[in-house]
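Before any comments, here is the structure.
The values are calculated or read from the model by the stated rules, or taken from the named source; none is laboratory data. The shown structure was predicted, so the numbers you read here are calculated from the model rather than taken from an experiment. All Cβ positions, glycine included, derive from the backbone under ideal geometry; neighbour counts span all protein chains shown. In case anyone asks, the SASA skips ligands and DNA or RNA and just uses the protein heavy atoms, side chains included. Shrake-Rupley method; radii C 1.70, N 1.55, O 1.52, S 1.80 Å.
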Amino acid sequence: LAQLMESGGGTVQAGGSLKLSCSVSGVRDRSICLGWFRQAPGKEREGVARIFMLENIDYYIDSVKDRFTISEDSAKNTLFLQMSSLKPEDTATYYCAASVQGTCRRGRMGAPEYSMWGQGTQVTVSS
């Protein structure tokens, strides 16, 4: 069974930076998407960034483009989300997730495409 676990969340002031990490185990096939979702209270779970491992193709929602960077370290089986210029509206619980569905590499991120999830790490950006 695949296991994902996030770390690196915390509280920062607006304009600050955080780097989230996600350990990924039990996944051998690189033909997957690894992604980051977030969910704020009262809001729908939102995909924010993904990487298609095989082709190193990234995706970001517009609100985080030029501020967030997704990357992975295959040797360490770790997914990262570098977040810079953080805004209060970035406050949410952040989840890493993995998908083995072929559609994950195209279009917007949809939670139903992802079958493997971490438990979340809280990011709070103060104003």
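Descriptive notes on the structure:
- DSSP assigns beta bridges within the chain; of those with both partners inside it, close to 90 percent run antiparallel.
- Heavy-atom surface of the chain, accessible at 1.4 Å and reported per residue (Å²): 53
- Nearest-0.05 FRET efficiency for Ala75 and Arg45, computed from C-beta distance (R0 30 Å): 0.50
- Gain on full stretching of the segment that runs from Leu54 to Gln13 - 0.36 nm per residue minus C-alpha separation: 11.2 nm
- Per-atom-type breakdown for segment 67-107 gives carbon and sulfur 48% of the accessible area (1.4 Å probe, protein chains only).
- Lysine pair count for the chain [Cα-Cα under 21 Å; pairs on different chains or 8 or more apart]: 6
- Alpha-carbon Debye profile of segment 1-107, log10 I(q)/I(0) at 0.13, 0.19, 0.23 Å⁻¹: -0.44, -0.95, -1.35
- Protein accessible area in segment 1-48, 1.4 Å probe - carbon and sulfur %: 47
- Heavy-atom SASA rank of Thr78, Thr124 (probe 1.4 Å, accessible area, largest first): Thr124, Thr78
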